[in-house]
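The values are calculated or read from the model by the stated rules, or taken from the named source; none is laboratory data. Because the structure is predicted, anything quoted here is derived from the model rather than measured. Note that we place each Cβ from the backbone using ideal geometry, even for glycine, and neighbour counts take in every protein chain shown.
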Amino acid sequence: MIIPAGWEAVIGLEVHCQLSTQSKIFSGSAIAYGAEPNSQASPIDLGMPGMLPVLNVDAVKKAVTFGLSVGAKIADRSVFARKHYFYPDLPKGYQISQYELPIVYEGLLDIELEDGSTKRIGITRAHLEEDAGKSVHEGFQKSSGIDLNRAGTPLIEIVSEPDLRTAQEAVAYLKKLHQLVVYLGICDGNMQEGSFRCDANVSVRKIGAPKFGTRTETKNVNSFRYVEKAIEYEIERQIEVIEAGGTIRQETRLFNPDTGETKAMRSKEDANDYRYFPDPDLLPVVCTQDYIDAIRKSLPELPEAKRARFVAEFGLSDYDAKTLTSSRELASYYEAVVAASGAEAKLCANWVATDLLGALNKMSKGIEESPITAEAFAALLKRIADKTINGKIAKDVFEAMVAGEGSADEIIKAKGLVQVTDESAIIAAIDDVIAKNPQQLADYRGGKDKLYGFFVGQAMKATQGKANPDALNRLLKERLAG
Amino acid sequence: MHTQTIAQLAAGLREKKFSSRELTQHFLKRIDAHDGALNSYVTITAERALKQADAADAVIAAGNAGLLTGIPIGQKDIFCTQGVRTACGSKMLDTFIAPYDATIVEKLDAAGMVMLGKLNMDEFAMGSSNETSFYGPVCNPWDKTRVPGGSSGGSVACVAAGLAPVATATDTGGSIRQPAALTNLTGIKPTYGRVSRYGMIAFASSLDQAGVVARSAEDAAQVLQAMSGFDPKDSTSVERPVDDLVSGLNTSIRGLTIGLPKEYFADGMSAGVRERIEQAIATLTKLGANFKEISLPNSPLSVPTYYVVAPAEASSNLARFDGVRYGHRAEGAKSLEELYKRSRGEGFGAEVQRRIMIGTYVLSHGYYDAYYLQAQKVRRLIYDDFKRAFADGIDLVLSPTATDVAFKFGENSDDPVAMYLNDIYTIAANLAGIPAMSLPCGFVDGLPTGFQLMGNFFAEARMLNVAHQYQQATDFHTKWPTEYAS
């Protein structure tokens, strides 16, 4: 979509990111996805009388980890507040969140635009809060069911500055954020299961206008593609309304993935007065400098630093480095392969990025489910490096490994694929091919250079593909030259 | 048996003069005989009590008894009890049975105490006369035409009439101390955070604190000792060892400095109450205490501050009672909104609804700064007044507990502001979080009255020591309402 000339969109995102703690933020209940309804809901989660919240310190640690990774400030004292509204899946009649004093504030994230340039996006704040439960409307006659398994799941809500200008920028920001939280190990990033959800605030204005236009908030857009579509729809809709002489109402809208449209849900006038006030059941969260420093020390290498190191240390192209650092698991896998194989880092990169990822893609598997461990994969590359097999044979061995036929060495041995490096054997094969193809030889010597490939193929075939390609090339050229 | 102190009862059990089962049966019989008129119990748990008594008798027989083993107790119906209804004085929870015990219930069970039943109270502890209870008013054993005070009306009436040796209670703005004063009992509200709030139904979380009503400071000290302590399930409970509240009771109070806040002795209390309190001051002076006039200049702001903070927190705490998961649910609601409105409209009484409305208002957008935030600032000033006094060498502060003796039913119930002024002397301690207690100091026209002691954080032991010394020198606390003495 191209934004019409003279117009500009202003976009800010609010991302709800479920923290992958063992238990809920204020109770000991588990937070596993997909459990039997209400089997992970304790009296605390149910908002029973007399029940009190007790803060899960791991949620605090994960929030601080996030804050440090985006260069944000960590509040030495942050405060939980109650946000009130009535809804059946909100057991206490209020959500425990943070309001005036969030734990993380003033961070930033650099995103990469399509033209290769980078843009710095401000992160206003990230605060800790509890998730609500779920209303279930199917399968009940004239009533709804409530599943409170999710109630109390720890979240951080990450609020960006209105620094984004296009749907593509918004998606780039979201993807970057998603990669980051998964890298940090603070969120499983599963968007289908709702572990990473996004609300988009969108407004439009004439370029150069001093103030932002009135914004709408589109709720719960749960895939990168939907975010892009929802924002594009909103931009287009708002410009149309204004150009037709109308005004934008400040309202909450819902995205319908089937139609690709957003629809008004409630206006600002209907909005709840949340009546925030500090939760008297919880003490302020105090983060000392020592505590923050200890978390800083335990931060993993972040994607950008890793990517730069892969370029510098392994001599990879920026493209390969980006691919191989797209997830922490993949990067670790690659590094383990390099270390164990002793093969050239670039060769390893090609094999991991192209062959292994290709095969995994076909199986719809992630690197952590790879049928070949890094050690086993390294053993294969080692055989290329020490010239036991050549690259072509290695592809066959790789396929066999994917099929579960054994280790590289077992397959090489069982199929007799050891590379022929004995030059007399190669010469014999070449001479045989030349002798059998006098016409082609004459043509080649007469200037038909293209026939060289024919001889390579025939000679390779004669060695069942096992000839060392370097040796074969050198010897073939000698023999053909006569 | 019902006129004996806890120490006497414990000795009787140890010496096999009677068993815990006999003691329990004695109280159950008295409840049966007298509570029809008093209405102090909303639930009597005879079967559970006898089972606990038998277990206690076994412990006693094995020679493993503690001081409280086998001693009966009444539990205010604000503390959740597993398997026994906890209604909190409200129709909203008339059918509510918690699947868990409050921490203090667990602790007193573990100490071997025998729960006789659950005690009547103002609805959600909101009231000063026990007239807001869904289960009807409680009568004052000293004069059944008068209120016992509130919100712990059932707790004080049952102990004053000898229907339990001791009872638990809670205090958000005076709900232990004012009823104790009106029924000739000793009631103590410890430092905020000393007793766990886990399983205690919240009224105003930053003010609520559990405590005891008893017939003497010694009895109160023994039970409070067993209730106190850090609880990892309550983030606001304080991680600090519990002082020995009992061993120092006999310490001399000579040289102790007690502050008399001039603001508390201005107009407000009745002439009879003033006279009794002056007499108490004279008695304590004889025991060696020094008195000094002090000023707590912000104390006149206590009531307005309290009536912003407490309703604000209450409006939030009571939001969970929506008819969806438990509690009263309106029948035949056609929409979600109707379900909410009718469930809450039918389930809550007038006083609770009034406070929810006040609380909702003061937290609303545009009013928050003027009310709630302002009240929190004043609260700080009230706390600073006490801090200054204690830093200036004041050990304890003495004041009236209530403006007058028990009033008649209906006297204040049409005028909420007059009712709220009942708490004028007691509220500051809740706002400041400091411990406070009330103890008997004589009678005005045959009706009991009391005075209040307030101490610095965690000064419970010192306060109880002074109270005990006072009670060694006086006999007011040993007096019984005639009808219930024998």
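Here A:Val15 qualifies as touching a helix residue (DSSP H, G or I) at 6+ places or on another chain (Cβ under 7 Å) and outside any helix (DSSP H, G or I). The condition of being of a type in the set (Ser, Thr, Tyr), crowded, with 24+ Cβ neighbours inside 10 Å and within 14 Å of chain A (Cβ to nearest Cβ) holds for only one of B:Ser20, B:Ser90, that being B:Ser90.
The set of residues in the range A:347-370 being assigned to a loop (DSSP other than H, G, I, E, B) and either under 15 Å from A:Val397 (Cβ atoms) or not hydrophobic (A, V, I, L, M, F, W, C) (or both) consists of A:Ser364, A:Lys365, A:Gly366, A:Ser370. Each residue in the range B:405-433 was checked for being out of contact with any strand residue (DSSP E or B) (no Cβ under 6 Å at 6 or more places or on another chain), under 17 Å from B:Leu453 (Cα atoms) and either at pLDDT 95 or above or in a loop (DSSP other than H, G, I, E, B) (or both), and 8 of them qualify.
So, in the range A:33-49, of the ones that are within 11 Å of another protein chain (Cβ to nearest Cβ) and among the hydrophobic types (A, V, I, L, M, F, W, C), which residue ends up farthest from A:Ala126 (Cα to Cα)? Taking the candidates together, the pick is A:Met48.
Let's see how each residue does on (1) in a loop (DSSP other than H, G, I, E, B); (2) assigned by TED's automatic domain parsing to the domain that holds A:Trp351:
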{"position": "A:Ile372", "(1), (2)": "yes, yes"}
{"position": "A:Val397", "(1), (2)": "no, yes"}
{"position": "A:Glu410", "(1), (2)": "no, yes"}
{"position": "A:Leu441", "(1), (2)": "no, no"}
{"position": "A:Lys448", "(1), (2)": "yes, no"}
{"position": "A:Gly457", "(1), (2)": "no, no"}
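Residues checked against (1) part of a strand (DSSP E or B); (2) farther than 28 Å from B:Ala221 by Cβ; (3) touching a residue at least 12 places away in the same chain (Cβ under 8 Å):
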site	(1), (2), (3)
B:Val59	no, no, yes
B:Asn64	no, no, no
B:Ala87	no, yes, yes
B:Ile104	no, no, yes
B:Asp109	no, no, yes
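Looking across the range A:10-28, the residues that are more than 21 Å from A:Leu148 (Cβ to Cβ) and touching an Asp or Glu at 6+ places or on another chain (Cβ under 8 Å) come down to A:Ile11, A:Gly12, A:Leu13, A:Glu14, A:Val15.
Applying the criterion of being surrounded by 20 or more Cβ atoms within 10 Å (Cβ to Cβ) and touching a Ser or Thr at 6+ places or on another chain (Cβ under 8 Å) to the residues of the range B:352-380, the residue that is nearest to the other protein chains (Cβ to nearest Cβ) is B:Leu363.
Determine whether B:Ala204 is crowded, with 21+ Cβ neighbours inside 10 Å and more than 9 Å from chain A (Cβ to nearest Cβ). Judged against the criteria, B:Ala204 is not a match. Can you name every residue in the range B:207-227 that is away from chain A (no Cβ under 14 Å) and out of contact with any Leu (no Cβ under 8 Å at 6 or more places or on another chain)? Once the filter is applied, which keeps residues that are away from chain A (no Cβ under 14 Å) and out of contact with any Leu (no Cβ under 8 Å at 6 or more places or on another chain), the range B:207-227 yields B:Ser216, B:Asp219. Provide a single number: the residues in the range B:5-45 that are touching a residue at least 24 places away in the same chain (Cβ under 8 Å) and part of a helix (DSSP H, G or I). Matching residues across the range B:5-45 total 20.
Check the range B:345-358 and report whether any residue there is of a type in the set (Asp, Glu), assigned to a helix (DSSP H, G or I) and either out of contact with any Asp or Glu (no Cβ under 8 Å at 6 or more places or on another chain) or under 30 Å from A:Asp273 (Cα atoms) (or both). Within the range B:345-358 (the criterion being of a type in the set (Asp, Glu), assigned to a helix (DSSP H, G or I) and either out of contact with any Asp or Glu (no Cβ under 8 Å at 6 or more places or on another chain) or under 30 Å from A:Asp273 (Cα atoms) (or both)), the answer is yes, since at least one residue qualifies. So, B:Lys341, is that one out of contact with any Asp or Glu (no Cβ under 8 Å at 6 or more places or on another chain) and either within 30 Å of B:Gly268 (Cβ to Cβ) or not charged (D, E, K, R) (or both) or not? The answer is no for B:Lys341.
The residues on offer are B:Gly255, B:Gly248, and the sole one that is at pLDDT 95 or above, part of a loop (DSSP other than H, G, I, E, B) and either over 26 Å from the mean Cα position of the chain (by Cα) or closer than 23 Å to B:Ile78 by Cβ (or both) is B:Gly255.
Let's see how each residue does on (1) closer than 30 Å to B:Ser315 by Cβ; (2) in the same structural domain as A:Val54 (by TED's automatic domain parsing); (3) in a loop (DSSP other than H, G, I, E, B); (4) among the aromatic types (Phe, Trp, Tyr):
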site	(1), (2), (3), (4)
A:Met265	yes, yes, no, no
A:Asn272	yes, yes, yes, no
A:Arg275	yes, yes, yes, no
A:Pro280	yes, yes, yes, no
A:Leu283	yes, yes, yes, no
A:Ala305	no, no, no, no
A:Arg309	no, no, no, no
A:Ala312	no, no, no, no
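When each of A:Ala132, A:Ala172, A:Ala126 is tested for being closer than 21 Å to A:Val221 by Cα and within 14 Å of chain B (Cβ to nearest Cβ), the lone residue that passes is A:Ala132. For the range B:93-120, what are the residues that are of a type in the set (A, V, I, L, M, F, W, C) and within 14 Å of chain A (Cβ to nearest Cβ)? Once the filter is applied, which keeps residues that are of a type in the set (A, V, I, L, M, F, W, C) and within 14 Å of chain A (Cβ to nearest Cβ), the range B:93-120 yields B:Leu93, B:Phe96, B:Ile97, B:Ala98, B:Ala102, B:Ile104, B:Val105. Quick check on B:Glu123: is it within 21 Å of B:Lys91 (Cα to Cα), within 14 Å of chain A (Cβ to nearest Cβ), touching a residue at least 60 places away in the same chain (Cβ under 8 Å) and more than 12 Å from the chain's Cα centre (by Cα)? Against the criterion (within 21 Å of B:Lys91 (Cα to Cα), within 14 Å of chain A (Cβ to nearest Cβ), touching a residue at least 60 places away in the same chain (Cβ under 8 Å) and more than 12 Å from the chain's Cα centre (by Cα)), B:Glu123 qualifies. Does the range A:50-74 hold any residues that are within 13 Å of chain B (Cβ to nearest Cβ) and either over 10 Å from A:Pro154 (Cβ atoms) or of a type in the set (Ser, Thr, Tyr) (or both), and which are they? Within the range A:50-74, A:Gly50, A:Met51, A:Leu52, A:Pro53, A:Val54, A:Val57 qualify. Here's a check for you: in the range B:68-85, which residue that is within 11 Å of chain A (Cβ to nearest Cβ) and not in a loop (DSSP other than H, G, I, E, B) is nearest to A:Leu52 (Cα to Cα)? Filtering the range B:68-85 for residues that are within 11 Å of chain A (Cβ to nearest Cβ) and not in a loop (DSSP other than H, G, I, E, B), the one nearest to A:Leu52 (Cα to Cα) comes out as B:Phe79.
Of the residues that make up the range B:280-288, is at least one out of contact with any Leu (no Cβ under 6 Å at 6 or more places or on another chain) and within 30 Å of B:Ala102 (Cα to Cα)? There is no residue in the range B:280-288 that is out of contact with any Leu (no Cβ under 6 Å at 6 or more places or on another chain) and within 30 Å of B:Ala102 (Cα to Cα). Scanning the range A:310-337 for residues that are more than 20 Å from A:Tyr183 (Cβ to Cβ) and either surrounded by 17 or more Cβ atoms within 10 Å (Cβ to Cβ) or among the hydroxyl-bearing types (Ser, Thr, Tyr) (or both) returns a single hit, A:Ser317.
Selection of strands (runs of 3 or more DSSP E) fully inside the range A:85-164 by the criterion of at least 3 residues being of a type in the set (D, E, K, R) and assigned by TED's automatic domain parsing to the domain that holds A:Ser69 returns A:104-112, A:118-130. With respect to the conditions (1) over 25 Å from A:Arg309 (Cα atoms); (2) in contact with a Ser or Thr (Cβ under 8 Å, 6 or more places away or on another chain); (3) at pLDDT 90 or above, A:Pro371 falls short on a single one, namely (2). Kindly check whether there is at least one residue in the range B:280-298 that is away from chain A (no Cβ under 14 Å), at pLDDT below 95, crowded, with 21+ Cβ neighbours inside 10 Å and touching a helix residue (DSSP H, G or I) at 6+ places or on another chain (Cβ under 6 Å). Within the range B:280-298, none of the residues are away from chain A (no Cβ under 14 Å), at pLDDT below 95, crowded, with 21+ Cβ neighbours inside 10 Å and touching a helix residue (DSSP H, G or I) at 6+ places or on another chain (Cβ under 6 Å).
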